[in-house]
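Asks: Supplied in structure tokens, the structure appears directly below.
Read the figures in this text as sums done on the coordinates, not as results from a lab. Keep in mind it's a predicted model, so treat the numbers as computed, not measured. As a convention, Cβ positions derive from the backbone with ideal geometry for all residues, glycine included, and neighbour counts pool all protein chains shown.
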Amino acid sequence: MRLRAKPGERSRKDVVDLAKDLATFLPGSGSPPEEARILDGQPGRVPGTIIYQKRSMLGYECLAPGFEARRSSPPERVRLLLIPAAGERLSRLARELPGFQDLSPSLYRADLPSGPLWLSRAGSCLVGVAGNLPREEAERALSVLVEGAGRACEGRR
């Protein structure tokens, strides 16, 4: 559903109110899907920042669709990622992400302009941390993400 406002006497508040009214007719609870909850309990995550990215995560189409959240702890601008369907995506990531490296059976790195992107497998998902983090800190963050992925990424295809 898409709402559009034409220039006129109506205000932005009118459009927001209409959207809220229409949302009451949509099915479901409105809570994030189970996969997104993986990012919810992560240390340092900024509350309210989990978003579903249908296209272009961190500026790369090959990373989407997936979920992204911001982390507040230093360094600034760290992003946490959850990417479903890992097996289907790895070859594309290897082709399209700059400096992509397969470091071990479950650790990958790409050199993005904003800093390194570290990825790890979590069942049928990929979890990631992007930003200027040293490998040791990135691996700690990834291990917490992998542990949190648990059932949400088991056997999903």
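Asks: Can you give the % of DSSP beta bridges in the chain that are antiparallel, to the nearest 5?
Replies: 100 percent
Asks: For the chain, what does the helix formula give at 222 nm: sum of -39500 (n - 2.57) over DSSP H segments with n ≥ 4, over the residue count, nearest 500 deg cm²/dmol? Mind showing how you got there, number by number?
Replies: On the way: 4 runs with 45 residues, N = 157.
About -8500 deg cm²/dmol.
Asks: Now for a separate question. Just the number, please: Stokes-Einstein D of segment 31-153 in µm²/s, Kirkwood Rh from C-alpha pairs, 20 °C, 1.002 mPa s. Working shown, then result.
Replies: Values: Rh = 14.0 Å.
Rounded, D is 153 µm²/s.
Asks: Would you calculate the separation in nanometres between label points at Lys20 and Glu61, each defined as 7 Å from the Cα along the Cα-to-beta-carbon direction?
Replies: Simple spin-label model gives 3.8 nm for this pair.
Asks: Any idea what angle helix 135-149 forms with the longest principal axis of the chain, computed on alpha-carbon atoms, 0 to 90 degrees, nearest 10?
Replies: 60 degrees
Asks: Relative contact order (percent) for the chain, with alpha-carbon contacts under 8 angstrom and 6 or more residues of separation? Kindly include the intermediate steps, with their values, before the conclusion.
Replies: Values: 258 pairs, mean separation 26.9, N = 157.
Computed value for the chain: 17 percent relative contact order.
Asks: With a 10 Å radius around each residue's Cβ, average the other Cβ atoms per peptide and rank 139-147, 102-110, 78-86, highest first.
Replies: On the way: 139-147: 17.9, 102-110: 14.9, 78-86: 22.0.
Top to bottom by mean Cβ count within 10 Å: 78-86, 139-147, 102-110.
Asks: Also: Quick check: the angle from helix 12-23's long axis to the longest principal axis of the chain, C-alpha only, nearest 10 degrees?
Replies: Result, in degrees: 80.
Asks: Ranked highest first by average number of other Cβ atoms within 10 Å, how do 55-64, 2-11 line up? All intermediate terms of the calculation are to be shown ahead of the outcome.
Replies: Details: 55-64: 16.4, 2-11: 7.1.
Highest-to-lowest ranking by the protection proxy: 55-64, 2-11.
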